[in-house]
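Any read-out appearing in this document is the output of simple, stated calculations on the displayed coordinates, not a laboratory observation. Please read all numbers here as calculations on a predicted model, not as lab measurements. Counting neighbours? That spans all protein chains shown, and the Cβs are built from the backbone with ideal geometry, glycine included.
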Amino acid sequence: MKKLRTIVLLLMAVTIASTLFAQQSPAKWSFTTKQVNDSVTDLILNCKLPSGWHIYSQKTKGTEMPIEFKFKKSNAYQRMGGVKEPRYLALYDKYAKDTTRYFQGNVTFHQKVKVKTDKDFKVNGVVTFQLCEKGSCIPPEDVKYAFSVKGNPNAKGVEKIVEQEETETATTTATTVSQTKPTTTQQSTEQEEDFKHRSFIAVFFISLVAGLLTLITPCVFPMIPMTISFFLKGNKTKRQGRRQAYFFGFSIVFIFAVLGLLLTLLLGKDAMYTISTHWIPNTLFFVIFMVFALSFFGLFEITMPSSWVNKSDQQSDKGGFLGSFFIALTTVLVSFSCTGPILGAALVEMASGSNNSFVFFVSMLGFAIGFALPFTLLAMFPNVIKNMKSGSWLNSVKIVFGFLELALGLKFLSMADLSANWGLLSRTTYLCLWIVIFLMLGFYLIGKLKFKGDSELKEISVIRLFLSIVSFSFAIYMIPGLWGAPLKTISGYLPPITTQEYNIEKIIVENGGTGTNTATIGDFPAQRKYADKLDSHVPLGFHAFFDLDEAKAYAKKVNKPLFIDFTGKSCANCREMETSVWTDVQVKKMLQNDYVMVCLFADENTINLDEKDWVKTSDGNIIKTLGRKNLNYQISAFHANAQPLYVLMDSNGNLLTKKPQPYDKNISNFVSFLQEGLTNFKK
C-alpha cells in the first residue's frame, strides 16, 4: 500500500486523485476426477488464485511454507507416485540461500491412483497452503476434499475399506527452537520488493508512469518537433522511417538502462539498507530535492554541459541508425533539467524503500520505456504532432512539481533527523510545513500566486479547479494532526507521534486522566537499558524494553511471552503499523496486558555497545553499535532484514508461532498472530 500512496502524493497535481483499496478474494479450490481407464483415475486439484497472490511449491526450500497434501490412506486404492505439480516460478532467496518456488494464477495439481476395488469409494484428504502477496501472508489454510471414484470392475471386492492419514510433502519443517538462534518455517518476507513490501513489477510500472509524465514538462515537450523533423527528412520509404523510429526508442532505453546497470553494480544490498536508514544519504536526498524544487520554481536551470549536447547534436546529422542513436542521446541530454527531478524523485524513493540494488536497473528501465514511448510513437506517426500545442500550461506543470518536490524532500530530512537524533523536525513542525506547502499549491492553482513564466490566468479550467480542491482538502485534513490526531492515511510519511509538541491525549495522561491509550505500568521497571534514548520512540501507552536479554528476564519473572518488534526510528511502515494496527482496541489490550514488549531498533547506530556486548559475525566483522547488533540478529535468526517484523517468543527463546509477522495492516491477521502466540505459550 505504501507504494500506491507514494504515487498519489507524487502525482496529485497532475492526475485525478483517488484512493485505492484492494480487496483480495480467497483462493478458490475445485476437485474433479478423470478416469484414465478402469484401473486408473486421475484426481485433479485446481486452485484459482487472486491477482497478485501466490502459493508455494512442494519443492520450495527457502523459509516459506510449502503446499502440503494429506490423503486418507485406504486399501481401496493405491497412489501412483506423489502429487504432480505444474512448472513453478522461481526467485532466489538470498537469505535462505536457496530458490523460492511458487505459483500464481490458475494452478492444477494431479494425483493418479490405482483402483483396487470393484465398489465405488471416496478419496478423502486435506490440502494445507499459505496465500501470500508482497511479503504479507494470511494464516495457513486447510481445505478438505473428497473425490468420488468409480470402482474397477476387473478388481476383486474389498470387504472393508480402512483409512488412515498419509502425508504428502516434499519438505520437512523444523519445530524445535534454540535460545540463541530460533529455527522457524516462516514465510519469506520477500523484501527484495518494495517498498516495505515492493515487487519489481510495481517498481517498473511506477517508474514507467514517471517516464510518461516527463512528456508534459517544459523542456521535453518542445523537443517533439525537433525529434520528429529528424524522421521526416531523408527517409526514402515509410518502412525505413519506422525502423529508425524503433531504433531511436531502443537507444533511449539503452542509455538509461546502462546507467541503471552501473548503479546496480556499484551498490550492493548493504548500501540499500544504508540508503534507507542512515542520516547522510537521507540528508543528501533532501538537498537534491530542494535543488530540484528551486529549479522548477525558476531560480536557476539544471542542464547538462553544452559541449556534450553540441557534440551529440553534430553526430545526429549523419543520419541512418547512427544518427538515430545520437538524436536519442541529444534528447536525453537536453531534457535532463526536467527529467532529472522526476527521475530523481522516483529513483530515490525506490532505493530508499528497497534492500536490493537491482531496483536501480528496474527503475531506470521502466523510466526509460515511459520516456521513449511517446517519442517513438510520434516518430512512427508524425502527422499526430499537428494537433499538439505547447503553451503556458507547461510552466504551470513545472511549478506544481516544485511544490511536490518540497513536500517529498521534507520526508528525507525527517528520516535523517530521526536517524541522527538531532531533534530538529518534530511532527508538529513537519505538519505545519506540509500544510503551508499544500495551501500555497492550492492558491497557485486558482491563480492567487504567480511565478516567472506564468501568463495571466483569466479563467480556471476544470482540471485546475479539481486539483485545487484536492490540495486545499489535503491541507485541511492535516490540521487536526497538530493536536495529536493520528492521520492514519499519511502516518508513514510523518515523524512519529511521540515527537508531537502538543498532544491532547498525552496531556490528559500526564495529568492523571484516562486517555484511550493509557496502560497500567504496574511493576514495569523504569530503569531499563537504553531507555533514556529510545523511550521517546515507543508509541504512547506502550512500555518496552530495548535489550532482548533484559526483556527475557522480566518476562520470566511475570510469566508472560515476549513480543519482539524489529523496528526502526525512520521506518515508515513501522509507524503505519503502530498507528493503524496497534491502536485497535483488541490489539492494544493484548500488547499491553498479555505480552512483554521489546523494541529492537535496527537503525539505531548512534548507541555504541559496551565491549562485552560486541558481536562477531560469521564473516569475522565486529559489530559495535546497537542497531547493527539488532539487524544482524534479525537476519541470522529470521532471514529478513526489513522492518517491521514481529516475533513471539517465550523467556527461553522458543518461538510461539509458525512464522513471524511481517508488515500487514490487516488487523484480524495481527490479532490471530497474537492469539496463536498466547495459546502456544499457555500450552
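What is the spin-label model distance, in nm, from Tyr246 to Ile607 if the labels are put 7 Å beyond Cα along the C-beta direction?
For the pair Tyr246/Ile607, the computed spacing is 6.0 nm.
Among 636-647, 45-56, what's the highest-first ranking by average C-beta atoms within 10 angstrom per residue? Don't jump to the answer; show the numbers that get you there.
Numbers: 636-647: 23.0, 45-56: 18.9.
Final packing ranking: 636-647, 45-56.
Excluding Thr579 itself, calculate the net charge of residues whose Cβ lies under 10 Å from the Cβ of Thr579, where each Lys or Arg counts +1 and each Asp or Glu counts -1.
Details: positive: Lys488, Arg575, Lys665; negative: Glu576, Glu578.
Charge balance near Thr579 sits at +1.
Longer than 22 Å from Cα to Cα, which of Lys533/Lys658; Lys59/Lys84; Lys557/Lys612; Lys73/Lys659; Lys556/Lys589 are they? Say none if no pair is. The partial results should precede the final answer.
Values: Lys533/Lys658 33 Å; Lys59/Lys84 11 Å; Lys557/Lys612 25 Å; Lys73/Lys659 30 Å; Lys556/Lys589 20 Å.
As for pairs spanning more than 22 Å Cα to Cα, those are Lys533/Lys658; Lys557/Lys612; Lys73/Lys659.
List, in the order given, every pair from Lys122/Lys150; Lys28/Lys112; Lys48/Lys144 whose Cα-Cα distance in the structure shown is over 20 Å.
On the way: Lys122/Lys150 9 Å; Lys28/Lys112 22 Å; Lys48/Lys144 16 Å.
Lys28/Lys112, as the Cα separations exceed 20 Å there.
Among residues other than Asn421 whose Cβ falls under 14 Å from its Cβ, what is the net charge (Lys/Arg +1, Asp/Glu -1)? The partial results should precede the final answer.
Details: positive: Lys533, Lys569; negative: Asp417, Asp532, Asp535, Asp603, Glu604.
Around Asn421, the charge tally is -3.
I need the peptides 477-484, 283-290, 625-632, 411-418 ranked by packing, meaning the mean over residues of other C-beta atoms within 10 angstrom, with the highest value on top. Please report the intermediate quantities before stating the final value.
Numbers: 477-484: 16.5, 283-290: 18.4, 625-632: 21.8, 411-418: 24.8.
The densest-packed peptide leads the list: 411-418, 625-632, 283-290, 477-484.
Assuming 0.36 nm per residue, please report the length gained on full extension of the stretch Glu501 to Leu424 beyond their Cα-Cα distance.
Length gained, Glu501 through Leu424: 26.5 nm.
Per residue of the stretch 278-294, in order, report the coupling 6.51 cos²θ - 1.76 cosθ + 1.60 (Karplus, θ = phi - 60°) as ³J(HN,Hα) in whole Hz, putting x for Gly and Pro.
My calculation for the stretch 278-294 gives 6, 6, 5, x, 5, 5, 4, 4, 4, 4, 4, 5, 5, 4, 4, 4, 4 Hz in order.
Please give, to one decimal in nm, the separation of the simple spin-label points placed at Val143 and Val287, each 7 Å out from Cα toward the Cβ.
5.5
Using modelled backbone amide H atoms (1.01 Å from N, in-plane), which distant-in-sequence or interchain residues come within less than 5 Å of Met597's amide H?
Placed amide hydrogens put Phe545, Phe563 under 5 Å from Met597.
Full-extension gain between Ser455 and Thr679, please, as 0.36 nm times their residue separation minus the C-alpha to C-alpha distance.
Numbers: separation 224, 0.36 × 224 = 80.64 nm, distance 6.81 nm.
Taking 0.36 nm per residue and subtracting the Cα distance, the gain is 73.8 nm.
Arrange the peptides 291-297, 451-457 so that the one whose residues have, on average, the most other Cβ atoms within 10 Å appears first. Write out the running numbers ahead of the final one.
Details: 291-297: 20.4, 451-457: 12.1.
Descending mean neighbour count gives 291-297, 451-457.
On full extension of the chain, what length is gained from Ile476 through Phe300, given 0.36 nm per residue of separation minus the C-alpha to C-alpha distance? Don't jump to the answer; show the numbers that get you there.
On the way: separation 176, 0.36 × 176 = 63.36 nm, distance 3.20 nm.
Length gained between Ile476 and Phe300: 60.2 nm.
From the phi of every residue in the stretch 673-683, what ³J(HN,Hα) in whole Hz does the Karplus formula 6.51 cos²θ - 1.76 cosθ + 1.60 yield, where θ is phi - 60° and glycine or proline is x?
4, 5, 5, 4, x, 5, 4, 5, 5, 5, 5
Give me the distance in nm between label points sitting 7 Å out from Cα along the Cα-to-Cβ direction at Ala526 and Lys28, one decimal.
6.1
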